[in-house]
Amino acid sequence: MFFRTIVARLYAAFVFGVVVTAGLAAFCVYEITSIDEITQKIRKRAMSQSLLIGELTDGVAEFHLAEAKLLIAASALDTTKALEQIRRVETFMDSNLVKFAATVGSDQQRALFMLAEDSWIVLRKTHELTDFRPANPRAVERFNDDLDKAYRNAEEAADALLDDIKTRAAADGEAVSEATRNTIHVAANLTIVSLFATGLVLWFIRRHVSRPLSEITRALTRLSRGDLHVRVPATDSDDEIGEMARAFKVFLANAVELKTANIEKERAHALAEYLAQHDPLTGLPNRRLLSETLARVIDERAAQDEVQAIFLIDLDRFKPVNDLYGHATGDCVLREVATRLQHAMCEGEMAARLGGDEFAAVLRAASVDRMLARARSLVVSLNQPVVVDLNYLDVGATIGVALSPAHGKTPEELLRAADLAMYQAKRDRRGSFRMFEDSLEEALRSKAHLVADLRKAIDAGDVAPFYQPLMCLAKGELIGFEILARWTHAERGFVPPDVFIPAAEDAGLIGELTYQLLRRVCRETLNWPPHLSLALNISPTQLDDPALPQRILSILVQENFPPSRLEIEVTENALIRDIEKAKTILEAIRSVGIHVVLDDFGTGYSSLYHLRKLRFDKIKIDRSYVQSVFDDPESAKIVDAIIGLGKSLGLPTTAEGIEDQEHLARFVELGCEFGQGYHFGKAMTVAAAESFIDEWSIEPMRRKKIA
């Protein structure tokens with residue numbers, strides 16, 4: 001379509017130019033031809049008339065000469081010759097007069113011709129009628145006068161004709177010149193018109209074809225180079241060029257929109273890439289970017305005199321901050337920790353947040369000692385209180401250190417080594433640091449074997465429930481037992497609970513172990529005296545399971561065990577993981593008649609807050625306070641305060657770790673309601689527990705024990 005328009009316009013311009021040029025050329029040829037013909041005719045006519053007039057003049061002169069010869073003829077022979085000459089001249093003159101008559105054009109020439117012809121005729125007739133022998137001198141004189149007059153008339157007529165021919169020739173020449181000038185003027189005007197018309201066509205083509213095309217071409221060129229600030233060529237035409245300009249406008253708008261979309265896409269991609277590699281809360285690199293950096297560090301390898309290490313940093317007391325002050329305050333703490341880490345980094349080093357309250361850092365130092373010094377300095381910095389809204393929050397951190405490549409040749413190995421070192425540091429002393437050692441790897445392997453054996457023991461039912469008595473101190477009565485898990489391995493022998501219980505929690509086996517013990521306890525103690533309660537410890541990880549109440553109730557229903565005989569013991573450390581979720585779960589447990597006991601009271605965080613936030617049926621004083629009540633005045637004050645607090649809240653208290661009579665008497669004196677410990681009995685099998693029940697059912701035996 002577009003090229004059709006261009007070709008049509010160019011063809012129209014070409015045809016117009018050809019037509020104008022051809023017309024101009026035809027006109028010029030026609031005029032020049034006409035002028036040439038007129039000129040030729042005038043030239044021929046003038047020459048013909050001039051020749052005829054010359055011949056006539058010559059004829060008159062010859063006639064005059066013949067007459068003169070006749071007059072002076074001396075003999076008859078001369079007279080005869082003169083007469084013959086006269087007749088020849090007459091014949092010549094007659095024929096030339098006829099020719100001349102044919103060439104006469106104008107009225108003036110015709111009048112002059114008639115005058116000459118009349119004079120000639122008179123002369124002729126006079127000559128014919130006269131024998132040239134007049135009778136008298138007068139007749140001769142009159143004849144001569146007439147003859148002279150005729151000659152003069154003929155000469156005058158010939159001269160007049162010549163003058164007229166000259167005049168006509170000059171007039172014809174002037175007419176030819178005028179015609180030539182007119183032709184030149186017309187040709188010049190036509191040339192000007194043609195040039196103007198051609199220029200107009202060229203201007204039209206340039207304005208409506210060439211320039212729009214050039215603008216569109218330049219705009220497309222700039223657009224192809226990515227310049228979106230091009231101006232859309234303006235055109236009002238409805239032809240293909242206008243359609244092309246409008247199409248270019250649409251294309252430009254689409255290109256702008258596409259580029260905008262690409263920019264937004266690139267921004268979104270960059271943001272997504274940034275978010276994929278950075279923690280949105282602190283802005284620190286995340287685990288992914290940390291792994292990539294570690295891989296690069298391992299590949300590059302440090303210089304001979306440089307040590308590279310990965311620090312794994314875990315905050316020690318961060319969970320209570322979220323529970324007590326809210327997540328907004330917790331976020332402020334995390335950002336402050338991130339800021340302190342960044343300030344501790346040098347050029348080429350990186351701090352990262354792995355998730356939750358866990359951070360990491362890749363550092364360089366001149367030596368191992370220098371690296372440990374930096375770890376020590378970082379621990380000091382992170383153990384400084386964090387001030388949020390005038391609240392001084394003691395969070396602290398524990399750090400595990402692993403060196404590259406000594407402790408790992410991949411990012412995963414280095415992180416694992418640092419993680420082992422960090423957890424060992426937490427077990428040793430929170431707020432410290434520790435470097436990875438091979439012994440930690442051995443301990444990890446040992447733990448893995450322990451977990452494998454524990455899983456087999458749970459499946460085989462080798463982890464059995466043991467029962468430790470719970471006593472009413474004031475009345476000296478047995479009120480129940482605390483359920484304790486005991487495991488005797490075929491090769492390992494007796495495995496302490498503080499060894500396999502944490503392993504079960506870490507391996508995710510604690511739930512299965514707890515439910516298996518509960519089901520077995522229900523079966524073993526179903527026929528015991530109904531007033532005896534059974535206390536079962538719940539792991540902190542189990543409080544993350546919303547189905548915990550249903551699972552416990554399902555076992556009680558299946559085993560037909562009264563919920564009122566069961567007590568669920570939870571520690572404060574379990575509550576701080578998510579107090580709202582813990583509140584929901586504990587209320588669901590209490591709603592079915594199961595009692596809830598707060599265990600190890602005084603060793604956790606914000607005990608009063610938990611007593612206010614949650615509802616408990618009993619609190620247990622941690623054994624560390626019970627055993628130091630005589631040696632540490634502060635412990636004695638705390639015990640006295642806990643018992644008094646329980647009485648004021650209507651919560652009975654249980655003292656753990658009563659080992660002798662002296663401790664028993666002291667806690668009876670303080671008003672503690674319940675107690676347990678080696679003074680009453682160690683954890684025992686179900687058979688031993690049944691024997692113990694029988695013994696305590698005898699009055700003298702009870703008095704003996706209490707005394």
Practice task
Would you please name the chymotrypsin sites (Phe, Trp or Tyr not before Pro) within the stretch 242-323 that are DSSP coil residues with at most 10 other C-beta atoms within 10 Å of their C-beta?
Solution key: none
Exercise for the section: Given a cut-off of 28 Å, name the pairs among LYS583/LYS647; LYS447/LYS620; LYS581/LYS618; LYS81/LYS166; LYS447/LYS613; LYS475/LYS682 whose C-alpha atoms lie farther apart than that in the structure shown. Expected result: LYS447/LYS620; LYS81/LYS166; LYS447/LYS613
Completion exercise
Checked the stretch 474-525 against the a/c 1.5 cut and the a/b vs b/c comparison, axes a ≥ b ≥ c from its Cα gyration tensor; verdict prolate
Fill in the blank from the handout: Residue by residue through the stretch 478-492, the couplings from Karplus 6.51 cos²θ - 1.76 cosθ + 1.60 with θ = phi - 60°, in Hz, x for Gly and Pro, are 7, 10, x, 9, 9, 8, 10, 7, 10, 9, 10, 8, 4, 10, 6
Practice task
Treat each spin label as a single point 7 Å out from the Cα along the C-beta direction, and report the ASP631 to GLU659 distance in nm.
Solution key: 0.8
Completion exercise
Listing PHE436, PHE692, PHE680 by rising number of other beta-carbon atoms within 10 angstrom, fewest first, gives PHE692, PHE680, PHE436
Fill in the blank from the handout: Those GluC sites (Glu not before Pro) from the stretch 445-554 that are DSSP loop and have at most 10 other Cβ neighbours within 10 Å turn out to be GLU491
Handout entry: Sequence of TRP203, TRP528 once ranked by neighbouring C-beta atoms within 10 Å, starting from the fewest
Key = TRP203, TRP528
Completion exercise
For ALA535, the residues 5 or more places away or on another chain with a placed amide H closer than 5 Å to its own amide H are PHE481, GLU482, ILE483, GLU567
Exercise for the section: Neighbouring Cβ atoms within 10 Å as the yardstick, rank SER432, SER404, SER214 fewest first. Expected result: SER214, SER432, SER404
Exercise for the section: Using amide H atoms built 1.01 Å from N in the peptide plane, name the residues 5+ places from MET435, or on other chains, whose amide H lies under 5 Å from its own. Expected result: VAL401
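Every number here is computed from the coordinates shown, using simple stated rules; none is lab data. This is a predicted model, so every value here is computed, not measured. We place every Cβ from the backbone using ideal geometry, glycine too, and count neighbours over all the protein chains shown.
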